[in-house]
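J.: To start, I am sharing the structure in question, which I have written as structure tokens.
Just so it is clear, none of the values below were taken in a lab; they were calculated from the coordinates. Bear in mind that the values here come from a model prediction, so they are computed numbers and not experimental data. Here the Cβ positions follow ideal geometry from the backbone for every residue, glycine too, while neighbour counts run over all protein chains shown.
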Amino acid sequence: MEIGKQIKKYRTEMEVSQDELAEKIFVSRQTISNWENNKNYPDVKSLLLLSSLFGVSLDILIKGDLEEMKDKIKTEDIVGFKQDSTIFSVLMLSMILLPVPLAKFGGILGIGICGIIVIITIFYAIRIEKQKKNFDIQTYKEIVAFSEGKHLDELQKNREYGKRPYQKILLAIGSGLLTIVIAIIMNYIL
């Protein structure tokens with residue numbers, strides 16, 4: 001990335017320290033240091049303030065970083081989505097497997113623990129749904145393509161769009177049936 005070099009170059013040309021620059025654009029000195037050392041990237045607000053302060057256009061300030069920045073954002077989105085999906089999957093599995101044992105062996109405390117797991121699972125479900133809405137991915141095929149950093153063509157996208165309502169209904173019914181079967185088996189075993 002060139003942005004770190006650009007910030008350092010313009011800062012030294014203005015003969016201001018990292019502390020002084022940080023004060024002018026309302027960030028910490030450590031943030032300026034991280035930008036100059038390419039440890040992280042300024043947000044849009046900071047880029048606009050830097051551009052104005054240095055008296056250069058955004059294009060000049062960020063040079064060839066635009067494509068790299070888009071790729072980085074996309075990669076960060078994919079990684080975040082995968083992490084949230086993994087956490088949600090583990091929580092869903094625990095919601096399917098743990099209620100009966102927790103209720104039988106833990107009594108009220110077990111039911112409380114189960115309630116906490118449910119609340120955390122709902123939090124991650126909402127978070128994933130927001131991400132799916134932001135990236136316009138709903139069906140299994142769309143999610144897999146997104147996770148691999150690929151895009152579906154228009155025809156594939158339209159086909160998947162038609163499947164969305166059916167897949168949600170089938171997923172809900174399947175999850176419910178699986179939970180009931182596992183609860184019956186666990187109740188029988190325990």
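J.: Kindly write out, for region 44-58 in residue order, the coupling ³J(HN,Hα) from the Karplus curve 6.51 cos²θ - 1.76 cosθ + 1.60 (θ = phi - 60°), rounded to whole Hz, with x marking Gly and Pro.
T.: Couplings: 4, 4, 5, 4, 5, 5, 4, 4, 5, 5, 7, x, 10, 6, 4 Hz.
J.: Can I ask one more? Whole-Hz ³J(HN,Hα) for each residue in region 88-100, computed from phi via Karplus 6.51 cos²θ - 1.76 cosθ + 1.60 with θ = phi - 60°, x for glycine and proline: what do you get?
T.: Listing the rounded values in order: 4, 4, 5, 5, 5, 4, 5, 5, 7, 8, 8, x, 5 Hz.
J.: Taking semi-axes √(5λ) of the Cα gyration tensor in Å as the quantity of interest, determine which of (1) 30, 21, 13; (2) 40, 20, 13; (3) 48, 24, 11 was computed from the displayed structure.
T.: For semi-axes √(5λ) of the Cα gyration tensor in Å, the calculated option is (3).
J.: Another question, if that's okay. How large is Rg/Rh for region 21-65, to two decimals, with Cα atoms and a Kirkwood Rh?
T.: That ratio equals 0.94.
J.: Moving on to the next point. Taking the Cβ of each residue in Tyr10, Tyr161 as the centre, tally the other Cβ atoms inside 10 Å and list the residues starting with the fewest.
T.: Fewest to most other Cβ atoms nearby, the residues stand as Tyr161, Tyr10.
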